[in-house]
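Student: Handing you a structure now.
Rule-based calculations on the coordinates, nothing more; no lab input. Predicted model only: the values in this text are computed from it and were never measured. Cβ sites come from the backbone with ideal geometry, for glycine too, and all protein chains shown count toward neighbours.
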Amino acid sequence: MWVVNIFFLLFLAPCLLFVLRFILYRTALIFVLRIWANWVDDRIHVHQYIKVAELNENGQDNQFYRKVFIYINSLPSLEDSNFTNLFSGKKSTDIILSLDDNQVIQDEFLGARVSWVNEVERLVNGGGCNRSFLLRIKKKDKRRILRPYLQHIHTVSDDIEQRRRELKLFINNKPSENPINGRWRSVPFTHPATLDTIAMDVDLKNKVKSDLENFIKSQNYYHKLGRAWKRNYLLYGPSGTGKSSFIGAMANYLNYDVYDIDLSRVSDLKLLLLQTTSKSLIVIEDVDRLINEKLTTTTTSVLLNFMDGIVNSCCGDEKIMVFTMNSKELIDPVMLRPGRIDVHIHFPLCDFNSFKCLANSYLGVKEHKLFPQVEEIFHSGATMSPAAIGELMMVNRSSPSRALKSVITALQSNGTDAKIVGKGKRLSDSASSSPLPLPPQAEEIGGGNWKDSVPVAKEFRKLFLRLKSCKSPSLFDHDSEMIER
Ligand SMILES: Nc1ncnc2c1ncn2[C@@H]1O[C@H](COP(=O)(O)OP(=O)(O)OP(=O)(O)O)[C@@H](O)[C@H]1O
Ligand SMILES: [Mg+2]
């Protein structure tokens, strides 16, 4: 009999606990109990207070106050605060929560509980108010967590600011315009490409993503090695395979500004590079087009020094340099050596997988009865650039069948000619929807009339020209799509 009773109690106890918990939650009693527990906990510990005032003793803005403001208003516990304000964000659909005056918010860090008060002290005469955030921290936790906690606030708020900021596309002015307009002019960067919209091998895309993520997290690692925090990418492949679009996608992925260097407009590359800021992509497109052009020795060595990190280390770091070219064949291995180019990414003409990806984005079609036929044609060796296929799909987008048939016809009839259809543009040609405020000569962007503006020197040509006698080592000719050095 007592065995039955024990079993009955074992069954009853969890049921009662469950019902009790349910009632406590429903009536917010658990919330009240938690407040009491915190109150008791507060009474039995000694606390210290740290004030972060809005203005410093000279009446200037205290930058750390702004960081704390951003940090606090990003905390999930903000929703539990008694009073919060609601504002609309940049987009009309954005809603932003903000802690109300003199309200308290709790936070946890490394197992320690801290709280912040948004203190607002109204001034009696003349209106206005003094604002500050007051951090309350247990004395026993202070030594252990204060420094890392403040560092954490810095990192989180910097991250948030970075994500919120508007990206910019910088293009370099002609030397004659420098004194008036400065070396760079900028427009909002609104390139629509994302890594999701680029048709490329999925594994390769993931590798690039993780390479970029590793890079942005590796400040300490680079500094420990005594290296500038920079990474150089080479994107190579036929025209219209998505190299420029990929740069746009990288910038959007990283939230980096883009500096698109038109070497035909450069007189002093070093000063130009010194005026680039951190968290940026520095782009030099169509490097192979330079082969027959002439640049100064200085330009050459500055470029190589930048790739090596010498110039870069003087002007803030966290920069990614991206070179594009149609083929590596004519490039001197000196330029491509490890340390100068860290990652090589090959952009091939379309295969069946990329085709499916394009069909999905351009036509919204994942499967189609014509796919087996298209696959067969790709397997027979016919191919076209993604730009050419995208163009055909776009003009026929109202009828996916017609679009696929036109791709099939193009592949069958003229696979090779079609490769040149849909020639890609420079990044700056399509990066911003706003028209660039350029003078009439700006038409030359992408046209590359080098002879007009670039001083002559043989060294650059020597450097980029791959002499027949020094063919690239087989590693560089490797057919894999991403080679990391
Ligand atoms: N892999 C791809 N995925 C999605 N769209 C692509 C791809 N390749 C090209 N496109 C489309 O084709 C157009 C041209 O591409 P892009 O300018 O990026 O080519 P590119 O490789 O830079 O060419 P070029 O070497 O001539 O500069 C873009 O509008 C882009 O959307
Ligand atoms: Mg391009």
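Student: For the stretch 96-188, what size does the Cα cloud have along each of its three principal axes, sorted from largest down, in whole Å?
Tutor: 62, 42, 25
Student: Please pull out the direction-averaged projected area of the stretch 149-288, using the convex hull of its alpha-carbon atoms, in nm² to one decimal place.
Tutor: 10.8 nm²
Student: Taking the Cβ-Cβ separation of H152 and N102 as r and a Förster radius of 25 Å, what is the calculated FRET efficiency to the nearest 0.05?
Tutor: E(calc), rounded to 0.05, equals 0.50.
Student: Just list whichever of K51/K230; K328/K369; K207/K279; K230/K356; K209/K328 have alpha carbons separated by over 32 Å in the model shown.
Tutor: Over 32 Å Cα-Cα: K51/K230; K328/K369; K230/K356.
Student: In µm²/s, what is D for the stretch 1-122 at 10 °C and 1.306 mPa s, where D = kT/(6 pi eta Rh) by Stokes-Einstein and Rh is the Kirkwood radius from Cα pairs?
Tutor: 86 µm²/s
Student: Estimate the FRET efficiency between Q63 and T93 by the formula 1/(1 + (r/R0)^6), using the beta-carbon distance for r and 35 Å for R0, to the nearest 0.05.
Tutor: 0.70
Student: How far apart, in nm, are two points set 7 Å out from the Cα along the Cα-to-Cβ line at L16 and at K207?
Tutor: Going by the 7 Å Cα→Cβ label model, 6.3 nm.
Student: Please compute the length gained on full extension between V334 and L86, using 0.36 nm multiplied by the number of residues separating them and subtracting their Cα-Cα distance.
Tutor: 83.6 nm
Student: Would you please give the FRET efficiency between S218 and V46, computed as 1/(1 + (r/R0)^6) with r the Cβ-Cβ distance and R0 = 30 Å, to the nearest 0.05?
Tutor: 0.15
Student: If you stretched the chain out fully between K366 and E121, how much longer would it get, using 0.36 nm times the residue separation minus the C-alpha to C-alpha distance?
Tutor: Stretched fully, the K366-E121 segment lengthens by 82.1 nm.
Student: For E367, what is the net charge nearby, where nearby means another residue's Cβ is under 15 Å from its Cβ and Lys, Arg count +1, Asp, Glu -1?
Tutor: +2
Student: Taking a ≥ b ≥ c as the square roots of the Cα gyration tensor eigenvalues, with a/c under 1.5 meaning rounded and otherwise prolate when a/b beats b/c, else oblate, which class fits the stretch 145-210?
Tutor: oblate
Student: Peptides 75-83, 390-398, 352-360: what's the order by average Cβ count within 10 Å, highest mean first?
Tutor: 352-360, 390-398, 75-83
Student: Now for a different question. Determine, for the stretch 53-199, the count of lysine pairs separated by eight or more sequence positions (or lying on different chains) whose alpha-carbon distance falls under 27 Å.
Tutor: 9
Student: Okay, moving on. Once you place label points 7 Å from the Cα toward the Cβ at H379 and T194, how far apart are they in nm?
Tutor: Those two pseudo-labels are separated by 3.4 nm.
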